[in-house]
Amino acid sequence: MIVKHNPVSEFLYQLFALILAMILVHTIYVTLVRPQAEAILDRQRALQAAGEAYEVERSIYVVVKDYEQEACFILGLWVLAIIGMKGRTLLHERRLLGRSLLDVRPGTSILPEDVRQYSRPLQLLPAEEREYLLPRTLLTALQRFGSTRNIQDVSTAVKEVCETESERLYSELSLVRYIIWAIPAIGFIGTVRGIGEALGQAHKAVEGDIVGVTVSLGVAFNSTFIALLISIFIMFLMHQITLFQERLVLDTQHYCDVNLIRNLQVR
C-alpha cells in the first residue's frame with residue numbers, strides 16, 4: 001500500500017508501528033535476553049560465594065538486559081519503521097521522474113490555449129500519484145500559465161511549490177529528530193540510575209561482595225553505550241532520507257524546467 005500525505009493515516013501507521021515494536025522487543029527480552037543474562041550473573045555469584053577466581057563475562061545479554069536498553073531498541077525500531085515508510089513513498093515519487101507525464105515532443109511549443117490538453121493526463125493519474133510532488137507541481141505550473149500567460153510566473157510557481165514541499169518534508173521528520181535526541185537521553189538516565197545503585201552498594205564492596213557494584217556500574221555504562229550506538233546508526237539513516245528528500249525536490253524542479261518551462265511560448 002502506498003502511504004499518501006494524510007496526517008491521520010500517518011499517525012495511525014506510527015501508532016501501530018510503536019505498539020508492534022514494543023511487543024516485539026519486549027517479547028525478545030522476556031523470553032531470551034533477561035533469562036540468559038540472569039543465568040550468567042547467577043554463575044558469577046555462585047563462583048564468588050565459593051571463593052573461586054572467575055573472569056567477568058562480557059556477554060551481549062548482560063550488556064543489553066536493562067530497561068533503558070530495551071527502551072532504546074523500541075525507539076530505534078520505531079524510527080526504522082517511520083523512515084522505511086517515508087523512504088518507500090519517496091521511491092514511488094522518484095519513479096514518476098522517469099515517466100513522460102506531459103508527452104511533449106522535442107521542439108513542441110505549449111501555448112496558453114493548450115493548458116487543458118496537457119493537464120488532462122495529469123488529472124487522470126491514480127489518486128495516490130496525483131498527491132505526489134511532480135504531478136502537483138506540473139498542474140500548478142500549467143494552471144498558472146493558462147491564467148497569467150506569463151512564463152516567469154510559471155517558473156515562480158514551480159519554485160514556490162518545491163520550496164513548500166521541502167519545508168513540509170523537513171517538518172515531517174520532526175518526530176525522528178526528537179527520537180534521535182531521546183535515545184541518548186534514556187541512555188544517560190540509565191547511567192545515573194546505575195551509578196546511584198552502585199553507590200548504594202558501596203558497603204558490600206568493602207566487605208568483598210563486588211558483584212552488586214559491578215552489575216550496577218554495568219547498567220551505568222552499558223545503557224549509554226547501547227544508546228549512543230543506536231543513535232549513531234539512526235542519525236546516518238536520517239541524513240540519508242533527508243538527502244533523498246532534497247534530491248527529489250531539486251530533480252522535480254529540474255524536470256519542470258526541462259520538460260515544461262522550456263517549451264512554453266506566448267504569442
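Here are a few things to note about the model shown:
- Count of region 99-145 residues, restricted to those that are over 31 Å from the mean Cα position of the chain (by Cα) and in a loop (DSSP other than H, G, I, E, B), is 10.
- Checking LEU237, LEU260 one by one, the residue that is out of contact with any Ser or Thr (no Cβ under 8 Å at 6 or more places or on another chain) and crowded, with 21+ Cβ neighbours inside 10 Å is LEU260 and no other.
- Tallying residues that are in contact (Cβ under 8 Å) with a residue 60 or more places away in the chain and either at positive phi or surrounded by 16 or more Cβ atoms within 10 Å (Cβ to Cβ) (or both) within region 112-143 yields 8.
- Test: residue in region 35-47 that is within 25 Å of the chain's Cα centre (by Cα) and either modelled with pLDDT of 85 or more or within 15 Å of LEU217 (Cα to Cα) (or both): no
- Number of residues in region 83-109 that are in contact with a helix residue (DSSP H, G or I) (Cβ under 8 Å, 6 or more places away or on another chain) and modelled with pLDDT under 85: the value is 7.
The values are calculated or read from the model by the stated rules, or taken from the named source; none is laboratory data. A quick note: this is a predicted structure, and the numbers were derived from the prediction, not measured. Positions of Cβ are backbone-derived with ideal geometry, glycine not excepted, and every protein chain shown enters the neighbour counts.
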